[in-house]
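Participant: Handing you a structure now.
Just so it is clear, none of the values below were taken in a lab; they were calculated from the coordinates. Predicted model only: the values in this text are computed from it and were never measured. Using ideal geometry, Cβ is built from the backbone for each residue, glycine included, and neighbour counts are taken over all protein chains shown.
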Amino acid sequence: MIELLKDLIRIKSDDLEGANEALLFCKTWLEKRGITPTVYEHDGKLMLVAEIGSGDDCIIWNGHVDVVPGELEQFVPYIEGDLLFGRGAADMKAGVAAMMQAFYELSLVPQKISQKVQLHIVTDEETSGDTSKYLVDHGFHGDFVICGEPTQLHIGLQAKGIVQLDIVLKGKSSHGSRPWEGINAIEQAFLFDQEMRKLSFLTASNTFYDYPSLNLAKIHAGERYNVVPDECIMSYDIRFVPGQHAVDIIKEIKYMTSSLYPNSEVIFHSTAPAVTTEENNKYVKKLQQVTSTLSARPTKLFGQHGSADTRFYAEKGAGAIEFGPSGADWHGEKEYVLISSVERFKEILISFILE
């Protein structure tokens, strides 16, 4: 399995061509072991589905083989003690390799499997998530979904929702030497941001989150030194906590904007609901018990600040979590995964299905 992981890391899957190559590598690996996956295509992006077992319930293991951009040397895996370094080692080719190995081992004992188990491997989680969404939209959403993101073998039970938007603030241009004759849109933006951070939706909290997050991600204004800018575009990335709803946040932002800056424009780019899997979900309780036993320590439930492909499955009512091996510095220069945790993750997946 660790050789499989190293082979996956060697594939430079930080663009569509490379991600598709990695997906086809996974297909071939499974086929050589007697498993016949189905490959789907959407907008040039490939995805894979394989299934074993039978029954009324369906458990899905979801993993992505695309990675964020890296230098060539990061695609040369190397081992130091229990650490395996390389781009995607933690996020999340380790999860994919363990899921593939566990899926193969389960395929050898079909008589012991009392439910359907589906393996979903996708190619664009780090960008749009279109491939997981495509599978969900075509009926592959199951009853319980494990996305094998790196979680230190604890369970990411919930995830924040997303609102992404632009605010276009209008001013009045004038000569830069006579700024009092104009209205500086950048200066309006400073004031707008202060008002934005006073809005009530930012005070929400729940068991796993103290508050939502508000990131001023981009700002664009001005073309010349000697002109007062008459327009400023501010781009925000909002991550709201489970229990909140995007429609309420949008309503509050629109009301504040129209009241204080009537000439401005609000442009919403995308929203995604929060993942709200419950602590008392029967699959969560079972996975927590199995993991605690095999890890010989308590397994924590926590909330993820970012989002993963869990959001697509959760929209269809499936219990969806992030759960995977231990590692660090994913998206960073020295990304690594603990080899022992990859082995343990595989054992947990198998026990979760067979117990």
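Participant: Per DSSP H run of n ≥ 4, the term is -39500 (n - 2.57); total these for the chain, divide by its residue number, and report the mean residue ellipticity at 222 nm rounded to 500 deg cm²/dmol.
Facilitator: It comes out at -9500 deg cm²/dmol, rounded to the nearest 500.
Participant: Continuing with this model, one more query. Within the chain, which DSSP H helices have Cα atoms that stretch 15 Å or more along the helix axis and a mean Kyte-Doolittle hydropathy of at least 0.0?
Facilitator: Membrane-span-like by this rule: 16-31, 94-107, 185-196, 246-260, 339-354.
Participant: With charges set only on the Cβ (+1 for Lys and Arg, -1 for Asp and Glu), what does the dipole of the stretch 1-157 come to about its Cα centre, in debye to the nearest 20?
Facilitator: Around 560 debye, computed over the stretch 1-157.
Participant: On to the next question. Evaluate the distance, in nm, between pseudo-label points positioned 7 Å from the Cα of Lys286 and of Lys172 along their respective Cα→Cβ axes.
Facilitator: It is 6.8 nm.
Participant: Out of Pro325, Pro298, Pro242, any idea which swings most in a Gaussian network model of the chain, alpha carbons joined below 10 Å?
Facilitator: Of the options given, Pro298 has the highest mean-square fluctuation.
Participant: Let me ask another. If the cut-off is 14 Å between C-alpha atoms, which aspartates and glutamates fall inside it for Lys32, apart from same-chain ones fewer than 8 positions away?
Facilitator: Filter leaves Glu105.
Participant: If I build a Gaussian network model for the chain, linking alpha-carbon pairs within less than 10 angstrom, which residue out of Gln194, Gln289, Gln115 has the largest mean-square fluctuation?
Facilitator: Evaluated over the chain, the most mobile residue of the options is Gln194.
Participant: Compute the relative contact order of the stretch 308-355 as a whole-number percentage, counting only Cα pairs closer than 8 Å that sit 6 or more residues apart in sequence.
Facilitator: 24
Participant: Follow-up question, since we're still on this one. Using Cα-Cα distances under 8 Å and only pairs 6 or more residues apart, what relative contact order does the stretch 162-291 have, in percent?
Facilitator: In percent, rounded to a whole number, it is 36.
Participant: In addition: Would you work out which of Leu169, Gly139, Ile155 lies farthest towards the positive end of the dipole of the stretch 136-190, given +1 charges on the beta-carbon of Lys and Arg and -1 on that of Asp and Glu, about the Cα centre?
Facilitator: Farthest towards the positive end: Leu169.
Participant: Here is a further query. Taking +1 at the Cβ of each Lys and Arg and -1 at the Cβ of each Asp and Glu, which of Asn62, Met92, Tyr283 sits farthest along the dipole of the chain towards its positive end, judged by Cα position relative to the Cα centre?
Facilitator: Farthest towards the positive end: Tyr283.
Participant: Ok, one more. Tell me, what is the percent relative contact order of the chain, built from C-alpha pairs under 8 Å that lie six or more residues apart?
Facilitator: Dividing the mean separation by the residue count of the chain yields 24 percent.
Participant: If the reach is capped at under 17 angstrom between alpha carbons, list the aspartates and glutamates near Lys45, excluding any in the same chain fewer than eight residues apart.
Facilitator: Counting by Cα, and skipping residues close in sequence, Lys45 has these aspartates and glutamates nearby: Asp14, Asp15, Glu17, Glu21, Asp66, Asp124, Glu125, Glu126, Asp130, Asp137, Asp309.
Participant: Considering the Cα trace of the chain, what is its radius of gyration and what is Dmax, both in angstroms?
Facilitator: Spelled out, the Cα radius of gyration and Dmax of the chain are 23.2, 82 Å.
Participant: Let me ask something additional. In terms of Cα to Cα distance under 16 Å, which lysines are near enough to Lys316, apart from those fewer than 8 places away along the same chain?
Facilitator: Lys133
Participant: Also: Distance cut-off 28 Å, Cα to Cα: go down the list Lys251/Lys285; Lys285/Lys346; Lys160/Lys286; Lys27/Lys112; Lys170/Lys198 and report the pairs above it.
Facilitator: Lys251/Lys285
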